[in-house]
1. Per residue of the chain, what 222 nm ellipticity follows from adding -39500 (n - 2.57) for every DSSP H run with n ≥ 4, rounded to the nearest 500?
2. Relative contact order of the stretch 146-262: what whole-number percent is it, with Cα pairs under 8 angstrom and at least 6 residues apart?
3. Under the definition of Cα pairs under 8 Å and six or more residues apart, what whole-number percent is the relative contact order of the chain?
4. For residue 202 and residue 38, FRET efficiency with R0 = 30 Å and r from the beta-carbon atoms, rounded to 0.05?
5. Out of (i) 42, 28, 19; (ii) 47, 26, 21; (iii) 50, 27, 16, which label holds the value of semi-axes √(5λ) of the Cα gyration tensor in Å that was computed here?
6. How would 166, 147 line up by accessible area, probe 1.4 Å, largest first?
7. Given a 1.4 angstrom probe, what's the average accessible area per residue across the stretch 187-232, in square angstrom?
8. Could you tell me the distance between the Cα centroids of the stretch 367-427 and the stretch 288-346, to the nearest Å?
Amino acid sequence: MHIERFFVSGLAQASYIVASGLEAVVVDPERNVDGYLAYLAKNGLKLRYIFLTHPHADFVAGHTELSARSGAPILLSEAAPATFPHGDLKDGDRFTVGAVEIEIITTPGHSPDSICVCLFESGAPVALLSGDTLFAGDVGRPDLRDLEVGTRELAAMMYDSLFHKLLRLPPDVRVYPAHGAGSLCGRQISSAPFTTIGEEAATNWALQLNDRTRFVEAMVANLPERPHYFARSVSINLRGAPFLSDRPKVTRLQPSEFEMLEQEGATILDVRLPALFGQAHAAGSVNIGVANPSFSVWTGFFVNPDRPIVLVVEDEEEVERAELEFARIGFDHIAGFLVAEDLQETLQITQVGVRDLPAALEGSQRPIILDVRSAKEYDQSHLQGTVNIPLPWLLRRIGEFSRETPLTVVCASGYRSSIATSLLESEGFTRLTNVMGGMNGCQTANVCDSKSHRRSSRRILERKSV
């Protein structure tokens, strides 16, 4: 048996091909299925089944297209109200692929229709494809399907699935989760590509809470913000996404066409690097740079998929990358793109380098420093006198500031702060500065900590022991 992992870094999403002999299965395919088909063809494998561990919320899967192009049936929990052609799975169902036996373990908790796929060799369990139920270092959130089943009820289901089912597997069973570090489907997911049942039983924070009440309370406390597109992705996955290979090519717009779409209320999304956006951009545009792996996540937070989207790009390579990242979260309505050099009227947002930051904060006109990192990042170290509003909460809290208030915005690198300044500008804020390089740059360059800046560093940088 061989398990091949496919990983989408921005969404921290893992899918798998399990091969034995000349047969294979795919588990949790992403939207772009070309990689699976190429792997199967290269290795002379016949695809027998496509398993979904659940209808995912954080990405749109490619199961219907993969099924159509391979002829393999799609299998998922009988509890999932899927409307595409599929086979229903129930607890204990078994399949044979080559020399491998596959057993289905129903594990509701992250969703009411979650399953895990357990692999057996010579009659013994050897690997578990755990979906979003069990991660390396974490377990799945119970609040992503709470419109169907309450969060507390799902958390209680999760307890039963983990303690009464998965932890009863042998400790040496390898665990291959559907997500790695950075995914919003958990809170403390490790970057390890796989783990074991024994390792998780010993070290996973959630699995130390073996009292049911304590476990449920921990599962529903301090949950991260979830992007608006999550519920929409579940709906798309339940009916099956349109085939990615059928999507028409996004066309280049003339300035007059761009202006017309702008007037009709299209979202203007500038996907260039923050520095380029700061130099010149269209009024009302939002900057989410496509070069960053987190592009699709932040797009899901701030872009309405029900409105036409117009891209502003540096070159056509950015268009191709943005198309794929959009597709992975089900954003298919891209009205066209404009190359930045064709912009007719532009605005600027002041950019300040980390070496110039201490001087920029001197004087009687000191701006408010707005830190848009997560609360956890902020607690580890931050500039003195700053206001912390994590980026996902920004639009809900902008009423705390006057539109004329000078705001200097900082994050870890300058990426999230550029998103923030573009959002603030589109809401009418006029005195904005983005800190290029962010806190990472400040600390790497020793701007705040070096002896030559000791006086400023006491005033500028605060650290908390962790």
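1. It lands at -8000 deg cm²/dmol.
2. 24 percent
3. Numbers: 987 pairs, mean separation 53.6, N = 466.
Normalised by residue count, the contact order of the chain is 12 percent.
4. Details: r = 38 Å, r/R0 = 1.28.
The calculated FRET efficiency here is 0.20.
5. Step by step, semi-axes √(5λ) of the Cα gyration tensor in Å for this structure corresponds to label (i).
6. 147, 166
7. That works out to 53 Å² for each residue.
8. Going from one Cα centre to the other spans 23 Å.
The values are calculated or read from the model by the stated rules, or taken from the named source; none is laboratory data. As the structure is a computational prediction, the values presented were derived from the model and not from experiment. Positions of Cβ are generated from backbone atoms using ideal geometry, with glycine treated the same way; all protein chains shown enter the neighbour counts. Only protein heavy atoms, including side chains, enter the accessible area calculation; ligands, DNA and RNA are left aside. Shrake-Rupley method; radii C 1.70, N 1.55, O 1.52, S 1.80 Å.
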